[in-house]
Each structure stands twice: as structure tokens, then as C-alpha cells.
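*Asks:* Structure incoming, see below.
The values are calculated or read from the model by the stated rules, or taken from the named source; none is laboratory data. All values derive from a computational prediction rather than experimental measurement. Heads up, the Cβs are rebuilt from the backbone with ideal geometry, glycines too, and the neighbour counts pull from every protein chain shown.
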Amino acid sequence: MMDKADKQPQRTITVVVTAVGAIIGQGIAASLRKLDTPIRIVGVDRDADGIGRHWCDHFVAKPACDEASPEYLDFWLDLLQREDVAVVLPGLEHDVLFFNEHRAVFDTIATRIALNTAHLIALAQDKWDMGTALLQAGLPAIPSTLNRNLADCERELGPLPLLLKPRRGNGSRGIVLLRDKADFDYWTHKSADDFLIQKRVGTDDQEYTVGAFGLGDGTMLPPIIFRRRLSVAGNTQYAEVVDAPVITKAVQQLAEHFKPLGPTNYQFRLEGTTPYLLEINPRFSSSTSLRAAFGYNEAAMALDYYAYGKKPEAPEIKTGRAWRYSEDLVVL
């Protein structure tokens, strides 16, 4: 047995958390702070005066340039080399898309980027494409249509109320309940062309958000399932850890088919005994910090997998309930 005197101190690793001023980035930083491993957090955010800098050991503001420009790519390559960054944990979907677009470039450097598979990232961007993929796989998909005529929509999906959803985007942003013909006519003309009409399934009290760390081969770590209520902004406001075998089975089927890699969030509504997938977020989600509080620390799992190259251990999940609330941070 190694004597205490012979033990070598752990090397501090530098981790970049992006969008550290927003709810997901804050959740990632909070999850990292729960670890015994010596970690130096470098926070990156667009807002130099935002609260994000207070969650980090060092803060870097994004440059005031177009994120599609070579200058912005150079910013990232320089930052990762200068700070000797071991791994980047993206806290914003926009950042995920940027790193995914430049995946080949970042694969040539030492820093690892915690990215899901390119296929799933692309597929998850479009609700219509995802629904089509579910049907092709023989999995439940919410009945949807691209039709713009009310009579045709009702013939395909059933009577009003129906939902109008942007094909792109996540959470509840842009989703409208169409209660009558006046709603239908107004919103289908007001909204951009890139939307779908969808049957309303389940109820608000049968909505679930699931975290399951994918291993890229169709397997995953055991999931953590929350029954939840949403805030006005579309993020989880209240969460309760539940045992829901029908949801667990649905997540296993989705993982076997889509083979996600890393932190992956699944959102469902249950109608009867059928779990309907609302969306897959192939990244960290707004429930990251809540999951960590119950023992499901996705930031720790990502460090194990991406930085240390090892399979994360299955977590011991605690039961309980959680609420989100606002709190002031005053710096004098």
C-alpha cells in the first residue's frame, strides 16, 4: 500500500465553460465545484459585465467579431493554447454548433471538446427531421404536419387545439397553442415559414426531462428522470426524481438507435402509456445543476470521458425534489 507521503498531488487541470453567464453554463460551473479534483475554471461569455465571471477562476469575454469569421476561430485556438485547456464544456447550443462545425480543426489540438456525435447534433436541430427519423426507426413520434390549411391539419392531427412549433430551436420558445381558427390564421401568417403544426399530447403534469450520459456505441449510463414543471422561459422550474420504467425503456431505445455520446438530455410527454419524445438536446441542459445535486454529475462524467479517457462510473442517484428561485449577488 502506498504511504501518504508517497502520494503525488493531483495536477490541476484547466476547464473552459462557455456561456458561463447563462443557466446552463452556471450549472456546469456549479457541478465542477462539487468535485475534489483540483480544477481551474476559465469562464467564457459574451457579456463582460455579467454575473458569469463570479463563478470562475478566470474570465474571458468573447471578442466583438462575427462568430463565423476566421478571427473568432483564431480567438478560440489562441485561448485554448494560452491557458493550456484540457477540455471545453460548452454551455450554449450556439457554441456546440460552432465547435461541431470546426470539429476537424479542434481535433488537431490537445484540448478535448465535449461534443456529442455530429450526426445527432445535426438531426436534433430540426423537429420535423427528428420526427421523421423516429418514425423510420419504429419509435413513437408526435403526429405532426407541415400543412398550412386548417382543415387539412385537423384531418391529419385531429381537432383544435393544436400546437405551432418552430422546426428549429429548443425549450418552449416560439411554441404557440392554437385554440381556434382565429389563433390558427393569425399565428400561421405571423410566424416564419419554418414551423410545423403538432398534435398536443399529454398534460403539463406528465412532462419529463431525462439525463443519460451516452457512450457512443448505443449504451449509456443509467439515466436520471425528473418529472418537471417549466418556467415561463421554458427551463425546468420544479423537478422531482422519479422511477418511471416506461421512460427508462424509451431512453434505452433512443440511445440504441441514435448512439449519443456524452451528456444528452431527452424530454418527453407521457400520454397514457406512450412516452412521446419532445426533443433531444445532445449537450448539457438547463437541468445540469439539478442533476448534480441528486448525484448525477454530468460535468464530472464529461471530465472522465473527454479529459481522462475513461468510462465514467455509474452514479448513485438520490431521490427528492428541487425548486429554482432567484437570488441576488451583491458585490461592493
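*Asks:* Any idea how many residues of the range 236-247 are under 18 Å from the mean Cα position of the chain (by Cα) and surrounded by fewer than 19 Cβ atoms within 10 Å (Cβ to Cβ)?
*Replies:* Going through the range 236-247 one residue at a time, the tally reaches 2.
*Asks:* Determine the pairs where a residue that is farther than 12 Å from Leu254 by Cα, located within the range 214-228, has a partner that is among the acidic types (Asp, Glu) with Cβ atoms under 6 Å apart, the partner being 6 or more residues away or on another chain.
*Replies:* Taking only residues 6 or more apart or on different chains, the pairs are Arg227/Glu240; Arg228/Glu207.
*Asks:* Picking from Ile51, Ile28, Ile23, which residue would you name as being touching a residue at least 60 places away in the same chain (Cβ under 8 Å) and within 17 Å of Gly262 (Cβ to Cβ)?
*Replies:* Among Ile51, Ile28, Ile23, only Ile28 is touching a residue at least 60 places away in the same chain (Cβ under 8 Å) and within 17 Å of Gly262 (Cβ to Cβ).
*Asks:* Being more than 21 Å from the chain's Cα centre (by Cα) and more than 15 Å from Tyr306 (Cα to Cα) is the filter here; which residues of the range 90-107 pass it?
*Replies:* Ala104, Val105
A quick yes/no check of all residues on (1) more than 17 Å from Thr219 (Cβ to Cβ); (2) at pLDDT 95 or above; (3) crowded, with 20+ Cβ neighbours inside 10 Å:
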site	(1), (2), (3)
His257	no, yes, no
Arg269	yes, yes, no
Tyr296	no, yes, yes
Thr319	yes, yes, no
Asp328	yes, no, no
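*Asks:* Going residue by residue through the range 41-49, is there one that turns out to be buried (at least 20 other Cβ atoms within 10 Å of the Cβ) and touching a His at 6+ places or on another chain (Cβ under 7 Å)?
*Replies:* Yes - at least one qualifying residue is present in the range 41-49.
*Asks:* Under 30 Å from Ala307 (Cα atoms), among the hydrophobic types (A, V, I, L, M, F, W, C), surrounded by fewer than 16 Cβ atoms within 10 Å (Cβ to Cβ) and out of contact with any strand residue (DSSP E or B) (no Cβ under 7 Å at 6 or more places or on another chain): is that true of Ala122 in this structure?
*Replies:* yes
*Asks:* Name the single residue that is surrounded by the most Cβ atoms within 10 Å (Cβ to Cβ) among those in the range 140-178 being among the charged types (D, E, K, R) and under 30 Å from Leu92 (Cβ atoms).
*Replies:* Lys165
*Asks:* Continuing with the same structure: For the range 161-193, give me the residue count where each residue is charged (D, E, K, R), assigned to a loop (DSSP other than H, G, I, E, B) and more than 22 Å from the chain's Cα centre (by Cα).
*Replies:* Residues in the range 161-193 being charged (D, E, K, R), assigned to a loop (DSSP other than H, G, I, E, B) and more than 22 Å from the chain's Cα centre (by Cα): 3 in total.
*Asks:* Among (1) over 29 Å from Val60 (Cα atoms); (2) surrounded by fewer than 13 Cβ atoms within 10 Å (Cβ to Cβ); (3) among the acidic types (Asp, Glu), where does Asp107 come up short?
*Replies:* The one condition Asp107 does not meet is (1).
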